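The values are calculated or read from the model by the stated rules, or taken from the named source; none is laboratory data. Small disclaimer: the values here were computed from a predicted structure and weren't measured. For neighbour counting, all protein chains shown are included, and Cβ atoms are generated from backbone atoms with ideal geometry for every residue, glycine included. Heavy atoms of the whole protein, side chains included, go into the accessibility calculation; ligands, DNA and RNA do not. Shrake-Rupley method; radii C 1.70, N 1.55, O 1.52, S 1.80 Å.
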Amino acid sequence: MDQNQRSSSASASRAYQFHPARAAIVNLFDLYLGRSSRQKSEDSIREPPNKSQKRVLALNRELPPRNEQFLLDFEQLQSQFPDQDQLRVVTESVLIALVVQCSNHAPRAEFLLFALKSLCTIGHINWDSFLPSLLSSVSTAEMSMGQGSQAVTGVSSQSSMLPTSNSIPNSSNFQSSNPASPLPSVHGIGSPSQSAIEPMTGSPAKSSDIPGNGQQATARANSSIRDSAISSLRQLCCKIILTGLEFNLKPVTHADIFSHMLNWLVNWDQKQMGVDESDGVKSWRPGKALIEWLHSCLDVIWLLVDEDKCRVPFYELLRSGLQFMENIPDDEALFTLILEIHRRRDMMAMHMKMLDQHLHCPTFGTHRIFSQTTPSISGEAVASLRYSPITYPSVLGEPLHGEDLAISIPKGSLDWERALRCVRHAICTTPSPDWWKRVLLVAPCYRAPSQGPTPGAVFTSEMICEATIDRIVELLKLTNSDVNCWQDWLVFSDIFHFLIKSGCVDFVYFVDKLVSRLTESDHHILRTNHVTWLLAQIIRVELVITALNSDARKVETTRKILSLHKEDRSSDPNSPQSILLDFISSCQNLRIWSLNTTTREYLNNEQLQKGKQIDEWWRHASKGDRMMDYMNMDDRSIGMFWVVSYTMAQPACETVINWLSSAGVAESLPATNLQTNEKLMVMREVYPLPMSLLSGFAINLCLKLAYQMEESLFCGQVVPNIAMAETYCRLLLIAPHSLFRSHFNHLAQRSPSVLSKPGVTLLVLEILNYRLLPLYRYQGKSKALMYDVTKIISALKAKRGDHRVFRLAENLCMNLILSLRDFFLVKREGKGPTEFTETLNRITVVTLAIIIKTRGIADADHLHYLQTMLEQILASSNHTWSEKTLRYFPSLLRDFLIPRIDNRGIAIQAWQQAETTVINQCTQLLSASADPTYVMTYISHSFPQHRQYLCAGAWILMQGHPENINSVNLARVLREFSPEEVTANIYMMVDVLLHQIQLELQHGHSLQDLLLKACANLTFFIWTHELLPLDIMLLALIDRDDDPHALRIVISLLDRQELQQRVKLYCMNRGTPEHWLYSGMFKRVELQKALGNHLSWKDRYPAFFDDIAARLLPVIPLIIYRLIENDAIDSADRVLAMYSGFLAYHPFRFTFVRDILAYFYGHLPGKLIVRILNVLDISKIPFSESFPQHFNSSNPVMCPPPDYFATLLLGIVNNVIPPLHNNSKSGSASDALNNSMRAPPNKTPPTSQSGQTNASDGQKAFYQIQDPGTYTQLVLETAVIELLSLPISASQIVSSLVQIVVNIQPTLIQSSNGLHGATNGVGQGSVLPTSPSGGSTDSLGTNRSSHSVSGINVSGFVSRSGYTCQQLSCLLIQACGHLLAQLPPDFHVQLYIEASRIIKETWWLTDGKRSLGELDSAVGYALLDPTWAAQDNTSTAIGNIVALLHSFFSNLPQEWLEGTHLIIKHLRPVTSVAMLRIAFRIMAPLLPKLANAHNLFNKTLSLIFNMMVDVFGKNAQPSTPVEPLELTDLIDFFHHIVHYEGQGGPVQANSKPRPEVLVLCGRAAESLRPEIQHLLSHLKPDTNSSIYAATHPKLAQNAS
């Protein structure tokens, strides 16, 4: 009943107060109740009197008539009034008033019950109006008695399932607080905030009104009277409801009753918080009256949820929060209900969770960005959201995350350990700062009061603090074991600086915990000065300065910091690191001395004196005019300069800037074609600073240097040298966390006009395009940069003459678009046509095809936006893709693009119509004797539609003799065109030349001659006179690949010596592809030679890294794609052979190899795969040791042995999946053994045991693995490349991997019995839960299904991981799922087929002799988490395969989840309950992931219902009858998941199913057997049977 109905019924009841029948009815009831008019008036004036007074008065009254007479008297009264409906309403209102007045007078209450039943026999009570009104009046009466006001009003706004007048709150409040501990804050479920031991709270009397014991006693007596009155009222009310429930009530009435009953139960003790006894708090026990109404309440609830009638789904109890009520009374009946709720809730929640879900952690081996489960939003906001890195299951199994949740996770719990697993892994594997910013919570001490919650944040400052200290201890242990891990310390210091500066670590708390750890539990660890060095890195961070300067604990903190000093005992005292560590304490003391006078007394005087040695060295080094030669510094000088960077940052900064400008300046002479008097001063070249020197600089100096270099690069009057730009880039690559800046925003903030200076934009674009692209992708800023560059392009594309800046920006945008690995929006605002050029629009479509096909669309919202995005792209593009290209496009794109009409024929017709005019104009403009003044006439007066045909006209005039053309005039006109006009000319010329070839072929000309002539003409345009940009010309030609000659022309151009020579020259001038390692002096190429006439033209600003050859880097891969699409395999092989050395300069060549192998999987011959792999620098990629022999195998039928695949998975376990152990903590002997054998994260054991052969020891800096960005990603994607390159089918690969997973436990256990002894022991330090089963494999002999895998070299396999065999077996399953999820959908199909086959062939499922009980037991064992089963050696093939599928699902993008339906397809028809439960366990946890993908959710839910119909359909023939009550967990799950999907996330108080889902469930239920259908009766849009439909009229209206 909604609010409008209530208000109308209330006004109607007021009108009935004056109905003429009312007085007669009241008198009749008074007569039978024995109430005189005198007493009635007294009753109405005062509170309900004491029972003893009533009894005394009753003795003096006449006895009322016999009850049996009542109905006759009422019927006589009834005959006097014609309107029976009005009479009924009046009777009901009188009855309700009497119930409230007489409830605590037992005889009268009994009579009222009798009267009510009697009136029912003549149909004079409408229960659907009477009961809600009665409950409403009871609530009002309780409030008027001063009791329950909090109980009623405090919860009325949070109904559990429907908007009734009073209801209990939902469990969402407690779920969001702490899923790890289901006992919430009490107030989350509507219980009073007071506890029973708090004095004087909850009493109806105020404490100020009770000055003495006498008044306290009075208040207690009054409270007792009211408690008694309410107990009687509720007891009578329950009896009336029980009577009403014998009739068929409407769902909305059932809902109202249910809501009130729960409210009473939850708040049962609201009124019992009485006044404190004067002699202290006394324990209170519920009285008999209270227990009676509680039991009656429970009777009502049991009747409502009774599965036979199913008036209310039992699910409503599960989400009510009743089981979490505080202060549960000592009552067995209530306890029984709560126990049943817990039991059913746990069974239901299981279906929401995946097997081994606690092992699902982000691995940082995948780049995907997910949006959160929120209602649909559009625009850039979608792209910037992501799932929280980890979620925790609520008590209802829902994935939860958020700030409140993070704060409430108890330290030391499994959830805490899981969070720390994730953070430790992140600190070791260095995901981007962008990731950190999304998940970190600012420490409470630094948080502004106005700061709102952080949506995706899940890691508190305490977690970060603990994980950071763990990493410090881990690095100290490595250092103490003489492992050279200086690079690890450098990488960690960058992250550490970022974390401290971000304010997510409370510095004072951190120092306290660090010192405590290093001086107490790990006192033997600190032997070097690394920790002092680490703290010196951050000592100039503002938050740290505040802590040491003005915090109340500054003295204590300073003393603790100083206590960490250790004398350096390095084995190599003259190395730069040793010198730095030797002096770092002195640097730290000097800094603290300058900060605060109050802490000076605690400083080490010896260290302060040592500071003089630093000053002395610096004075000597910088004495006189002589400057240090940084290219020839010895180790001691390098070390001392590093020391100076900590003590004298400004002088050190000035020295570096002076080094870079030490060669002086020279005047740049203008090109011969320019007449100008303007002087351009350029810094002479020097050597850039080497990485070996830069890496040891203090981060504070790096920050100063970056700022100062930006001043010289972008704001100075002199053009900087290449060394300055290169050193600046190296600096940013060394410390990607601390130094990254988004250049366009950063420079605009420094000086709004800086980018308007002629050369600044060019220099910024060059630095971005040729140096920092991987850094931006790593930072997650590629899309933002793309939008910034698009603004430049948009402003210039119609502007005449600005070709150089435009083409550079366009080339940068090409690289950016092609580098994207997840879905993106073409416009930041997400509306209107793109601002891209025609070229970029085409490349965007190709990129989308690659992303969708090789990586999938990660989020449902992106799927919805895809069509809009394509419309935006194609709104300003007429291009159509060839049939050969479209056949490789993913169906999502192909279906949209196929209907597009090819306008080329129309374009050729338009050209033919304009040809005469155009040729006439071109003759005047381009003939050898053309008038030079006609150039300006043409530019000013020609029509725009004719200008696009200029190059086509020139082509016609050439007639194979390009020397006939006036190239000077043509060049001048093309320069005066806008860049987009030049692009249009190129695309038009390509169409015309291909059309001309077709025409001349028809006239009998030789194709060979025509192609030679075409190449000669194009050479004239591109090389001889450099009139047109080569990259756009090649892209235009490959986009016309449906013409049989276009790609042949492309190959001819790539074969030209001019291009070969140009590329060779570029490679020679550029030096090594790893520019940061180049120690030579950069040679600046003359602008005209670097960029050609067309681009350089009037420009004088010199080029830094730009070159016309470099512009081909994004183009060559696209040419390869197009050649493969057109089956020109040999040509593709030849181009790769010619340009593989050049492609080494491609910023994303690793991604190119991975994506092209995935995009064309199954279509590439082995020879071409080998050629593609050779694009990589094989020696630096961590391929498996045996991989070369497998992909070079001459016999493609041979599948690699299981040992190969197992080693591949072990590499992922060791390098990609977050470790279970915390290497920094010492524990038991077995744990120490595990830790010692466990390779440090990101490390490869020296004997290549993890399967990675070429990875060097030590953590890699970002600049060493810019593509793909992190070492975890490199290992994972290398494994992907290996599998994609194997000369065997996807089916064989998947089968091999699945066989390892299915039988992994027996394989490992057999191999490691000798090593580990008892195989069921779990090493300390793991985060695996303890097994609940304690079972064995005896029942049903489930071990029969597990055989060890032959072919695996098991000796030492477990020891190579450092885990116990049980732990390793579970992690290998996770690794396999993670790896398979990275592969293209061909592999997924095979996985679903193989998984279904294994499940269907399980021997005990097909054994017809097994009883239902045995099968049920077997299914229970089979579906245990492998981490539990492995500990008891009860692992089964089914359990492992389901865990594999769940690991796989959890890493799949949303779009690819649709393929999961194949599992059901292969398992059907499902003929047994056992098989149904297995299939349900596989698919059910998928549904929460699909909460926002409504169509996919509906499909999946429908398929699950179809499986139910297979077993429980009306026409199904079950082999064994099954009681419906055995399926209650499935029924509860259906109710929960439709609410979850309706909410789009965790179920809230007001969650309701979506109408279409109710329609779907209703239709599906119609096919089920009646006894099952009955249990789902509320999941339908019928308002007469469903409480969900009935309590949401709009929903019912929509559904109808």
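List the residue pairs whose Cβ atoms are under 7 Å apart, where the first residue sits in the range 1453-1476 and is crowded, with 21+ Cβ neighbours inside 10 Å, the second is part of a helix (DSSP H, G or I) and not hydrophobic (A, V, I, L, M, F, W, C), and the two are 6 or more positions apart or on different chains.
1463/1392; 1463/1396; 1467/1396; 1467/1400; 1470/1510
Can you tell me which residues in the range 884-913 are within 16 Å of residue 1159 (Cβ to Cβ) and assigned to a helix (DSSP H, G or I)?
884, 885, 886, 891, 892, 893, 894
Name the residue, out of 1426, 1485, that is touching a Cys at 6+ places or on another chain (Cβ under 6 Å) and in contact (Cβ under 8 Å) with a residue 24 or more places away in the chain.
Every option except 1426 fails the conditions.
So which residues in the range 700-731 are of a type in the set (Asp, Glu) and open to solvent by 10 Å² or more (accessible area, probe 1.4 Å), if there are any at all?
711
Sort out which residues of the range 1555-1574 are under 20 Å from residue 1503 (Cβ atoms) and within 36 Å of the chain's Cα centre (by Cα), and write them in order of number.
Within the range 1555-1574, 1556, 1557, 1558, 1559, 1560, 1561, 1562, 1563, 1564, 1565 qualify.
Tell me, please, whether a residue that is surrounded by 22 or more Cβ atoms within 10 Å (Cβ to Cβ) and farther than 28 Å from residue 1041 by Cα can be found in the range 827-848.
No; the residues of the range 827-848 include none that is surrounded by 22 or more Cβ atoms within 10 Å (Cβ to Cβ) and farther than 28 Å from residue 1041 by Cα.
Considering only residues that are polar (S, T, N, Q) and over 22 Å from the mean Cα position of the chain (by Cα), look in the range 760-785 and name the one that is modelled with the highest pLDDT.
769
Quick check on the range 854-866: of everything there that is part of a helix (DSSP H, G or I) and open to solvent by less than 50 Å² (accessible area, probe 1.4 Å), which residue is nearest to residue 820 (Cα to Cα)?
By that ranking, first place goes to 854.
When you go through 1118, 1112, 1091 one by one, which is the residue that is open to solvent by less than 30 Å² (accessible area, probe 1.4 Å) and within 17 Å of residue 771 (Cα to Cα)?
Only one candidate passes the filter, namely 1112.
Which pairs do you get when a residue that is farther than 14 Å from residue 261 by Cβ, found in the range 315-339, comes within reach of a residue that is of a type in the set (Lys, Arg), reach meaning Cβ atoms under 9 angstrom, with the pair 6+ apart or on two chains?
These pairs meet every condition: 315/344; 318/344; 318/345; 319/345; 323/345; 329/285; 330/285.
Name the pairs whose Cβ atoms lie under 6 Å apart, with the first residue in the range 953-966 and within 13 Å of residue 1027 (Cα to Cα), the second open to solvent by 20 Å² or more (accessible area, probe 1.4 Å) and outside any helix (DSSP H, G or I), and 6 or more positions between them or separate chains?
Here the result reads 966/928, each pair linking the range 953-966 to a residue that is open to solvent by 20 Å² or more (accessible area, probe 1.4 Å) and outside any helix (DSSP H, G or I).
Criterion first (touching a residue at least 40 places away in the same chain (Cβ under 8 Å) and closer than 19 Å to residue 1122 by Cβ) does residue 1048 satisfy it?
Considered against the rule, which asks whether it is touching a residue at least 40 places away in the same chain (Cβ under 8 Å) and closer than 19 Å to residue 1122 by Cβ, residue 1048 comes out as no.
Which of the residues that make up the range 684-699 are among the aliphatic types (A, V, I, L, M), over 21 Å from residue 541 (Cα atoms) and either open to solvent by 30 Å² or more (accessible area, probe 1.4 Å) or part of a helix (DSSP H, G or I) (or both)?
691, 693
Select from the range 522-546 the residues that are open to solvent by 40 Å² or more (accessible area, probe 1.4 Å) and under 37 Å from the mean Cα position of the chain (by Cα) and write down the one among them that is nearest to residue 479 (Cα to Cα).
Across the range 522-546, the extreme among qualifying residues is 540.
Would you please name the residue that is farthest from residue 1386 (Cα to Cα), looking only at residues in the range 867-890 that are open to solvent by 20 Å² or more (accessible area, probe 1.4 Å) and among the hydroxyl-bearing types (Ser, Thr, Tyr)?
That would be 876.
Let me confirm something: among 1077, 1054, 1047, which residue is at pLDDT 95 or above and either surrounded by fewer than 15 Cβ atoms within 10 Å (Cβ to Cβ) or closer than 25 Å to residue 1176 by Cα (or both)?
Answer to the check: 1054.
Select from the range 961-973 the residues that are under 56 Å from the mean Cα position of the chain (by Cα), closer than 16 Å to residue 937 by Cβ and open to solvent by less than 30 Å² (accessible area, probe 1.4 Å) and list them in ascending order.
Listed by number, the residues that qualify are 970, 973.
Being assigned to a loop (DSSP other than H, G, I, E, B) and surrounded by fewer than 17 Cβ atoms within 10 Å (Cβ to Cβ) is the filter here; which residues of the range 916-941 pass it?
Residues satisfying the conditions are 927, 928, 929, 931, 932, 933.
With respect to residue 1442, determine if the residue is farther than 23 Å from residue 866 by Cα, in contact with a Leu (Cβ under 6 Å, 6 or more places away or on another chain), part of a helix (DSSP H, G or I) and modelled with pLDDT of 95 or more.
yes
Can you work out which of the residues in the range 1121-1135 that are part of a helix (DSSP H, G or I) and more than 16 Å from residue 1053 (Cβ to Cβ) is most open to solvent (accessible area, probe 1.4 Å)?
Ranking the qualifying residues of the range 1121-1135, first place goes to 1130.
What is the residue count in the range 525-556 for residues that are hydroxyl-bearing (Ser, Thr, Tyr), farther than 30 Å from residue 572 by Cβ and assigned to a loop (DSSP other than H, G, I, E, B)?
Qualifying residue count, the range 525-556: 1.
Of the numbered conditions (1) open to solvent by less than 10 Å² (accessible area, probe 1.4 Å); (2) assigned to a helix (DSSP H, G or I), residue 1434 fails exactly one; give the number of that condition.
Just one mismatch for residue 1434, condition (2).
Quick one: residue 498 ticks every box in (1) open to solvent by less than 60 Å² (accessible area, probe 1.4 Å); (2) closer than 21 Å to residue 596 by Cα except a single one, so which number is it?
(2)
Tell me which helices (runs of 4 or more DSSP H) are completely within the range 700-766 and hold 3 or more residues being closer than 25 Å to residue 1110 by Cα, or say none if there are none.
Because the criterion is at least 3 residues that are closer than 25 Å to residue 1110 by Cα, the helices (runs of 4 or more DSSP H) in the range 700-766 that meet it are 722-734.
Can you name the residue in the range 893-938 that is among the acidic types (Asp, Glu) and over 30 Å from residue 852 (Cα atoms) and, of all such residues, is nearest to the chain's Cα centre (by Cα)?
Restricting to residues being among the acidic types (Asp, Glu) and over 30 Å from residue 852 (Cα atoms), the top hit is 915.
Determine, yes or no, whether residue 1067 is more than 46 Å from the chain's Cα centre (by Cα) and either aromatic (Phe, Trp, Tyr) or surrounded by 15 or more Cβ atoms within 10 Å (Cβ to Cβ) (or both).
So residue 1067 fails the test.
Identify, please: which residue in the range 942-960 is on the phi < 0 side of the Ramachandran plot and not in a helix (DSSP H, G or I) and is, among those, surrounded by the most Cβ atoms within 10 Å (Cβ to Cβ)?
Among those that are on the phi < 0 side of the Ramachandran plot and not in a helix (DSSP H, G or I), it is 949.
Among the listed residues 332, 316, 277, which satisfies the condition of being among the charged types (D, E, K, R) and at pLDDT 90 or above?
Only one candidate passes the filter, namely 316.
Which of (1) assigned to a helix (DSSP H, G or I); (2) closer than 25 Å to residue 482 by Cβ; (3) out of contact with any His (no Cβ under 6 Å at 6 or more places or on another chain) does residue 585 not meet, given it meets every other one?
Among (1) assigned to a helix (DSSP H, G or I); (2) closer than 25 Å to residue 482 by Cβ; (3) out of contact with any His (no Cβ under 6 Å at 6 or more places or on another chain), residue 585 violates only (3).
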